[in-house]
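Reviewing the structure listed below.
The values are calculated or read from the model by the stated rules, or taken from the named source; none is laboratory data. On a predicted model such as this, the values are computed, not experimentally measured, just so you know. Cβ atoms come from the backbone with ideal geometry, glycine included; neighbour counts cover every protein chain shown. Ligands, DNA and RNA are stripped out before the accessible areas are found, and what is left, the full protein with its side chains, is counted by its heavy atoms. Shrake-Rupley method; radii C 1.70, N 1.55, O 1.52, S 1.80 Å.
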Amino acid sequence: MTFDTNTFDKAVRPSVYAKDPNHADFVAVHEALKRGDLLGFVSETIITFEGIAKNDRASVFGTTDLRSRTEQLSDDTFQIALAPEQPARQPVHVKQAERFVAAFDLGIQLLGAPRIGMPRVEGNFYVPETEEALEQRLDRFFNVMRAIEARSLGSPRVLAIAERWAERAPNSPWYQRLGTAKDIHETREVGRAVAEWSDADSIGAHYGYGNDLFCTLDIAAGEGRRGDAAILDAENRAWLVSEFGIKFVSLSELAALVR
């Protein structure tokens, strides 16, 4: 059971949303998680991407630097590790941190969404895997992500901005060009594109791990008003259902299943 950004906290801390008309549904899902009737997961991008404030995403990616480390494993085998440094990245806001701590305390685990040179969450919060399971998961992840990105969804939105601004920093890697945003409008454009990237990678992680249901309230309303396609809009949801068998539910639909 994979929770999206807009559903996991309602399931984890329903008391915070006591005035919501669907509060009883949040409680039902929460109790199912406590009983172990539901196993809950969230994509790491909820922290690694969406843990960056929307208006800080341009500057954080703009100051990102990749450091490489080479280790000799044998006479003819070397391992090269890339580690990102993001000096403009601020600590997770205390309110956000409270959400994540409560989720982990309830037993929710992180799903990996591998990207070369992108940060990972420190700590033992990820789903444990055997080598065989890891190999199968990565094959599934990259299979669905290739299909998603062929539709110009997810990371291509960010890459398109970087390409459009290439002349501003011609000798810089694509992610640093995001830091050349000139005003609040461009800054917000980067913020929205990173959110779309996060959504798409969340779907990829969900499919990679073979989870049963993807719980979200996101219908890509903002993108729809702007005329932009998004991975969670109606057309692309229907495509994900038909091509990859991904099953979407709202919290209320999930509550009906566990009552």
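Here's how it looks for LYS247: its modeled amide H is under 5 Å from those of PHE214, which are all 5 or more places away or on a different chain. Run through the DSSP bridge list for the chain and note the antiparallel percent, rounded to the nearest 5. Among the beta bridges of the chain, antiparallel pairing accounts for roughly 45 percent. Shown is the FRET efficiency for THR63 and ALA97, computed with R0 = 22 Å from the Cβ-Cβ distance and rounded to the nearest 0.05: 0.50.
Pull out a ≥ b ≥ c, the square roots of the eigenvalues of the alpha-carbon gyration tensor of segment 18-74, then state rounded if a/c is under 1.5, prolate if not and a/b is larger than b/c, and oblate in the remaining case. Judged from the Cα gyration tensor, segment 18-74 comes out oblate (a/c at least 1.5, b/c at or above a/b). The charge dipole of the chain, taken about the Cα centre with unit charges on the Cβ atoms of Lys, Arg (+1) and Asp, Glu (-1), comes to about 800 debye, rounded to the nearest 20.
Phi angles of segment 127-137 translate, via the Karplus equation with coefficients 6.51, -1.76, 1.60 and θ = phi - 60°, into HN-Hα couplings of 4, x, 9, 7, 4, 5, 5, 4, 4, 5, 5 Hz per residue; Gly and Pro are given as x.
Subtracting the Cα-Cα distance of ASP212 and GLU163 from 0.36 nm times their residue separation leaves 14.0 nm of extension gain. The modelled label-to-label distance for the pair ASN22/ASN171, using points 7 Å beyond Cα in the direction of Cβ, is 5.2 nm.
So what is the relative contact order for the chain, in percent, with contacts set as C-alpha pairs under 8 Å and at least six apart?
Values: 368 pairs, mean separation 73.8, N = 259.
Rounded, it is 28 percent for the chain.
Give, as ranges by residue number, the residues of segment 180-214 whose backbone N falls under 13 Å from the point 7 Å along Cα→Cβ of ASP228. So the set is 185-200.
Rounded is the label for segment 71-219, because a/c, from the alpha-carbon gyration tensor with a ≥ b ≥ c as root eigenvalues, stays below 1.5. Distances between placed amide hydrogens fall under 5 Å for ILE231 paired with GLY154, all partners being 5 or more residues away or on another chain. Rolling a 1.4 Å probe over the protein heavy atoms of the chain, with every protein chain left in place, gives an accessible area that is 50 percent carbon and sulfur. Taking trypsin sites (Lys or Arg not before Pro) across segment 153-257, the ones in a DSSP loop with at most 12 further Cβ atoms lying within 10 angstrom of their Cβ are LYS182. Distant-in-sequence amide contacts of LEU111, defined by a placed amide H-H separation under 5 Å and a gap of 5 or more residues or a different chain, comprise VAL42, SER43, GLU44.
Backbone phi angles across segment 89-96, fed through the Karplus curve with coefficients 6.51, -1.76 and 1.60 (θ = phi - 60°), yield HN-Hα couplings of 6, 8, x, 4, 4, 4, 5, 5 Hz in residue order; Gly and Pro are listed as x.
Taking the chain as the region of interest, the number of lysine pairs whose Cα atoms are within less than 27 Å, with members eight or more places apart or on different chains, is 12. For segment 162-225, the list of chymotrypsin sites (Phe, Trp or Tyr not before Pro) that fall in a loop by DSSP and count at most 10 other C-beta atoms within 10 angstrom is empty. Need one word for segment 150-225: rounded, prolate or oblate. Basis is the Cα gyration tensor (sqrt eigenvalues a ≥ b ≥ c); a/c below 1.5 gives rounded, then a/b vs b/c decides. Taking the square roots of the gyration eigenvalues as a ≥ b ≥ c, segment 150-225 is prolate. In whole angstrom, how far apart do the alpha carbon centroids of segment 5-29 and segment 164-239 sit? Segment 5-29 and segment 164-239 have Cα centres separated by 26 Å.
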